[in-house]
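Participant: First, the structure itself, so that you have it in front of you.
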Amino acid sequence: MELDLSNLSTMHTMFAALFSKLGVPIKTSISPYVLEEAIKGTVTIRPLPLGRPVNDRVEKQAAHFFGVTLTEEQAADGVIVRVVSHTQSKFKLLYFEQEENGSLHLVQQEDSMKTGKITSAGMYFLHFQVYRLDLAMNVLTMAKDPETAFLRKLEGLQACDILELKAGPHIFSVYGDNFFKSASYTIEAVSAELFKDSAEKLKAVEAQLLSKRNELKDFEIEYKEVLARFTAVSNRLKEEKVTVDKLLKSREAIHASFSTVPQVKRHSSCSNLGNMPGDERAGTSADESPCELRDRHSKKKWFNMGLKSERKAH
């Protein structure tokens with residue numbers, strides 16, 4: 001579901017901005033007014049020569065249009081169009097096809113993504129299959145089960161429809177997608193001829209990611225089987241600990257039952273007979289309980305204190 005920010009009230013826009021700040025990716029649609037103006041062919045198109053970046057600022061829910069004209073050689077080499085924002089503005093990079101009557105029709109779009117300290121979006125027309133990564137479909141899974149979210153992260157890879165551009169004019173646009181303020185950006189179109197090594201590396205990485213996506217599908221099945229087994233074993237370990245503790249306590253009680261001496265519950269305050277000096281323990285009876293011995297010892301102390309007081313008085 002996509003939100004049309006141009007039709008939202010200020011309150012609803014604030015809620016959308018809040019959720020976006022909390023990390024919830026909110027998909028937004030392009031303003032119908034912008035698309036209508038493009039279809040009518042009444043938009044202003046600025047030239048964008050290869051290798052000459054343009055810095056500008058676009059208002060929210062508005063668009064700037066740029067024209068890139070390619071020769072046969074440049075089209076054969078391949079072209080990259082990228083937009084970056086060093087202020088981390090949100091925007092969309094759009095590609096339109098132009099009819100003979102000047103009407104523009106949207107055929108491809110890329111939403112900006114945060115990469116490090118910037119936001120960026122790009123289109124790569126390099127004569128081989130490239131992919132975009134849509135993370136929005138993974139948000140709910142990530143909140144409930146981070147491990148499963150990682151295993152399914154590459155399922156967001158979506159093949160881009162247009163792999164190459166033909167010679168002639170091509171129309172691109174930067175659409176301001178901020179909630180309240182304008183978006184600052186830098187747009188640049190470059191020839192792939194200058195970046196042959198990067199193009200080859202990208203081709204290799206895209207193939208590896210596609211292969212890894214298939215590997216993770218199989219690995220997810222294996223991971224869940226092992227996780228279920230580990231959970232069962234962990235639960236059994238807890239149960240076994242409880243069972244062993246109960247058996248040991250039962251064993252201790254059985255050991256204590258092999259005696260003709262009555263079992264007496266000793267109070268902590270009456271179990272310190274072992275701490276009494278040897279001369280004080282002397283003369284005690286084996287039949288006396290610890291509490292009786294303690295009481296007798298206390299009375300003896302008080303009696304001695306009384307004798308000492310009387311001697312001092314005399």
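Participant: Could you grab me the full set of residues in the range 176-193 that are over 14 Å from VAL81 (Cβ atoms) and open to solvent by less than 70 Å² (accessible area, probe 1.4 Å)? I'd like the intermediate steps shown before the answer.
Facilitator: Within the range 176-193, the subset over 14 Å from VAL81 (Cβ atoms) is 176-184, 193.
Across the range 176-193, the qualifying residues are GLY176, ASP177, ASN178, PHE179, SER182, ALA183, SER184.
Participant: Kindly evaluate VAL68 against the criterion of being touching a strand residue (DSSP E or B) at 6+ places or on another chain (Cβ under 9 Å), in contact (Cβ under 8 Å) with a residue 60 or more places away in the chain, part of a strand (DSSP E or B) and open to solvent by less than 70 Å² (accessible area, probe 1.4 Å). Outline the logic, then answer.
Facilitator: Details: touching a strand residue (DSSP E or B) at 6+ places or on another chain (Cβ under 9 Å): yes; in contact (Cβ under 8 Å) with a residue 60 or more places away in the chain: yes; part of a strand (DSSP E or B): yes; open to solvent by less than 70 Å² (accessible area, probe 1.4 Å): yes.
Spelling it out, VAL68 is indeed touching a strand residue (DSSP E or B) at 6+ places or on another chain (Cβ under 9 Å), in contact (Cβ under 8 Å) with a residue 60 or more places away in the chain, part of a strand (DSSP E or B) and open to solvent by less than 70 Å² (accessible area, probe 1.4 Å).
Matching residues to (1) part of a helix (DSSP H, G or I); (2) among the aliphatic types (A, V, I, L, M):
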residue	(1), (2)
SER184	no, no
SER211	yes, no
ALA228	yes, yes
LEU237	yes, yes
LYS246	yes, no
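Participant: Within the bounds of the range 137-159, is there any residue that is among the hydrophobic types (A, V, I, L, M, F, W, C), assigned to a loop (DSSP other than H, G, I, E, B) and touching a strand residue (DSSP E or B) at 6+ places or on another chain (Cβ under 7 Å)? Give the derivation first.
Facilitator: Here is the first cut: in the range 137-159, the ones among the hydrophobic types (A, V, I, L, M, F, W, C) are 137, 139-140, 142-143, 149-151, 154, 157, 159.
Right, trim to assigned to a loop (DSSP other than H, G, I, E, B) and you get none.
No, the range 137-159 contains no residue that is among the hydrophobic types (A, V, I, L, M, F, W, C), assigned to a loop (DSSP other than H, G, I, E, B) and touching a strand residue (DSSP E or B) at 6+ places or on another chain (Cβ under 7 Å).
Participant: Please give the number of the condition PRO53 fails out of (1) under 17 Å from GLY122 (Cα atoms); (2) open to solvent by 50 Å² or more (accessible area, probe 1.4 Å); (3) under 29 Å from the mean Cα position of the chain (by Cα).
Facilitator: Against the list (1) under 17 Å from GLY122 (Cα atoms); (2) open to solvent by 50 Å² or more (accessible area, probe 1.4 Å); (3) under 29 Å from the mean Cα position of the chain (by Cα), PRO53 comes up short only on (3).
Participant: Any chance you could count how many residues in the range 96-127 are among the hydrophobic types (A, V, I, L, M, F, W, C), under 28 Å from the mean Cα position of the chain (by Cα) and either open to solvent by 60 Å² or more (accessible area, probe 1.4 Å) or under 21 Å from ALA199 (Cα atoms) (or both)? I'd like the intermediate steps shown before the answer.
Facilitator: Here is the first cut: in the range 96-127, the ones among the hydrophobic types (A, V, I, L, M, F, W, C) are 96, 104, 106-107, 113, 118, 121, 123, 125-126.
In the following step, the residues that additionally are under 28 Å from the mean Cα position of the chain (by Cα) were identified as 113, 118, 121, 123.
Filter once more, keeping what is either open to solvent by 60 Å² or more (accessible area, probe 1.4 Å) or under 21 Å from ALA199 (Cα atoms) (or both): 113, 121, 123.
Of the residues in the range 96-127, 3 are among the hydrophobic types (A, V, I, L, M, F, W, C), under 28 Å from the mean Cα position of the chain (by Cα) and either open to solvent by 60 Å² or more (accessible area, probe 1.4 Å) or under 21 Å from ALA199 (Cα atoms) (or both).
Participant: Go over the candidates LYS203, LYS196, LYS166 one by one and state the one that is open to solvent by 30 Å² or more (accessible area, probe 1.4 Å) and in a loop (DSSP other than H, G, I, E, B).
Facilitator: Values: LYS203 fails: in a loop (DSSP other than H, G, I, E, B); LYS196 fails: in a loop (DSSP other than H, G, I, E, B).
Among LYS203, LYS196, LYS166, only LYS166 is open to solvent by 30 Å² or more (accessible area, probe 1.4 Å) and in a loop (DSSP other than H, G, I, E, B).
The values are calculated or read from the model by the stated rules, or taken from the named source; none is laboratory data. Everything numeric in this text was worked out from a predicted model, so none of it was measured. Reconstructed Cβ throughout: ideal geometry from the backbone, glycine too, with neighbour counts over all protein chains shown. Remember, those area values only see protein heavy atoms, side chains included, never the ligands or the DNA or RNA. Shrake-Rupley method; radii C 1.70, N 1.55, O 1.52, S 1.80 Å.
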